[in-house]
Every structure is written in structure tokens, then in C-alpha cells.
Amino acid sequence: MRPITVTAGPLASADADGIAQAQNPAATFTLNGALVSGGVAQLGAPRRVLITTTANETGVTFTVTGTNKAGDVLSEAVTGVNNTSTYTDLDFYTVTSVTNSAALAGNVTIGTNGIGGSPWVMLDPWALPAVAVQINVNGTVNYTLQQSLDDPNDPTNPTTAASMTWIDSADTAVVGATTAQQTNYAFTPRYVRVLLNSGGGSATATIIQSGSVSL
């Protein structure tokens with residue numbers, strides 16, 4: 001296939017209350033953090049949404065809704081935690097609303113952490129299995145190449161995007177990496193992505209699969 005290039009980052013510094021400052025809403029958070037403009041949180045690059053609690057909110061489900069960079073609507077339900085932080089599995093480019101399923105025991109803030117993923121690259125399971133990957137870095141980063149055999153579009157066994165299982169590459173050189181690397185797959189995953197674990201730079205992956213033609 002023709003080379004496909006995707007990038008994770010760069011991410012602005014984490015902002016724990018950049019989407020919603022500390023509050024205890026009945027059902028819907030007021031988006032009033034520093035990242036919010038016109039009622040929408042603009043995160044700058046696809047990244048995880050951080051939820052921080054000050055009490056036991058394990059019986060509450062928080063639903064984060066927004067978009068990815070392509071403008072597609074994303075929504076994820078996140079189970080609350082006890083006086084600590086948790087974050088989404090999906091990477092949001094914007095956040096348009098956050099709701100809570102039940103009354104809150106304490107104040108909660110919504111913001112960002114330092115983690116963000118690239119767009120997913122879908123490979124061709126009917127083509128030759130060899131896949132070449134090169135990851136270039138710009139600035140200071142720590143990244144991991146991941147793959148999954150789950151597929152939200154599978155006609156018989158679909159998995160929701162937020163429930164997909166992502167596995168770190170078997171090549172340890174691209175797990176927690178900080179420099180440019182080349183690697184390959186001897187088999188064909190369904191999807192591949194780059195996960196930015198930390199750092200203010202970016203990681204750009206170029207992926208080529210033998211014998212596959214991308215339209």
C-alpha cells in the first residue's frame with residue numbers, strides 16, 4: 001500500500017481543570033476551564049480527557065462527548081473513582097459536554113493529562129502480512145507503538161471504540177521509546193497507532209503494508 005503517515009502530539013501541558021473547573025453538578029458540567037471557547041473545549045491535538053474526584057464517585061458514570069480531529073462525534077462512558085483521577089480510553093480533539101449519571105459526593109474537575117494517540121491506521125487482512133513501520137520524533141517524547149485485532153466495524157463481532165484492546169508492540173525498541181525507530185510486523189494487525197505517553201513533542205509513524213493498495 002502507499003505509505004500512510006499519522007502523528008501523535010504535540011500536546012500542550014496537561015491542565016487538570018482546563019475543561020471544567022471544580023464543581024458538583026446535578027447532571028451536566030459547565031464547561032468553564034481555560035481550554036473552553038464558545039462552550040466547546042479545544043484540546044489542540046487528540047488526547048485523553050482527565051477526570052479528577054475529591055470523594056468516592058465509584059457509583060457514578062461520567063459521559064464525555066466531543067469530536068476527533070476529523071470532526072466525527074466521540075462519546076465515552078467513564079466509571080468514577082474514589083478521590084483520585086481517571087481518564088478516557090479515546091482521544092478527544094474537542095469536548096462538547098460532560099455529564100454525570102448520579103449525584104456527586106464531592107467536587108470534580110475535568111481536564112487533560114499528558115497522553116494522546118495518533119489516528120488509527122487500518123491494515124488489510126487479505127494482503128501480504130509484512131508491514132514496515134518507521135517512527136520519527138520531533139522534540140521530547142516518550143511513545144509506544146500499539147496494535148489491535150478488535151474492530152468496531154466487524155460484521156459479526158464488533159467492539160466499541162472505547163472498549164478496544166490495544167497491545168504494545170512485541171518489539172521493545174518501540175515501547176516507551178524516545179528516539180526515531182524502525183520496526184515491522186510479521187503478521188497483520190487490524191489497526192495500528194502511536195501512543196504518546198509523555199512529552200511536549202510529537203511522534204510520526206509511516207506505515208507500509210506489502211501487496212495492499214489503499215484508495
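The values are calculated or read from the model by the stated rules, or taken from the named source; none is laboratory data. These numbers come from a predicted model, not from an experiment. Positions of Cβ are backbone-derived with ideal geometry, glycine not excepted, and every protein chain shown enters the neighbour counts.
One residue stands out among those in the stretch 146-180 that are touching a Phe, Trp or Tyr at 6+ places or on another chain (Cβ under 9 Å) and among the polar types (S, T, N, Q): the one that is farthest from Leu74 (Cα to Cα), which is Thr178.
The residue that is nearest to Gln146 (Cα to Cα), among those in the stretch 104-122 that are among the small types (Gly, Ala, Ser) and assigned to a strand (DSSP E or B), is Gly117. Could you list all residues from the stretch 54-95 that are hydroxyl-bearing (Ser, Thr, Tyr) and in contact (Cβ under 8 Å) with a residue 40 or more places away in the chain? Of everything in the stretch 54-95, those that are hydroxyl-bearing (Ser, Thr, Tyr) and in contact (Cβ under 8 Å) with a residue 40 or more places away in the chain turn out to be Thr54, Thr61, Ser85, Thr88, Tyr93, Thr94. Among the residues that make up the stretch 63-82, is at least one of them closer than 30 Å to Gln209 by Cα and touching a helix residue (DSSP H, G or I) at 6+ places or on another chain (Cβ under 9 Å)? The answer is yes; a qualifying residue exists. Applying the criterion of being in contact with a Leu (Cβ under 9 Å, 6 or more places away or on another chain) and not β-branched (Val, Ile, Thr) to the residues of the stretch 47-64, the residue that is surrounded by the fewest Cβ atoms within 10 Å (Cβ to Cβ) is Ala55.
Mind checking which residues of the stretch 15-39 are β-branched (Val, Ile, Thr), more than 21 Å from the chain's Cα centre (by Cα) and outside any strand (DSSP E or B)? Steps first, please.
Filtering the stretch 15-39 down to residues β-branched (Val, Ile, Thr) leaves 19, 28, 30, 36.
With more than 21 Å from the chain's Cα centre (by Cα) added as a condition, the list becomes 28, 30.
Correct list: Thr30 only.
Residues that are assigned to a strand (DSSP E or B) and in contact (Cβ under 8 Å) with a residue 40 or more places away in the chain were ranked within the stretch 143-177; the one that is farthest from Val64 (Cα to Cα) is Ala177. Residues that are modelled with pLDDT of 95 or more, assigned to a strand (DSSP E or B), among the charged types (D, E, K, R) and touching a strand residue (DSSP E or B) at 6+ places or on another chain (Cβ under 9 Å) do occur in the stretch 179-197.
For the stretch 75-103, taking the residues that are assigned to a loop (DSSP other than H, G, I, E, B) and surrounded by fewer than 20 Cβ atoms within 10 Å (Cβ to Cβ), the one that is nearest to the chain's Cα centre (by Cα) is identified as Asp89.
Residues of the stretch 2-14 that are surrounded by fewer than 18 Cβ atoms within 10 Å (Cβ to Cβ) and in a loop (DSSP other than H, G, I, E, B): Arg2, Pro3, Ala12, Ser13, Ala14.
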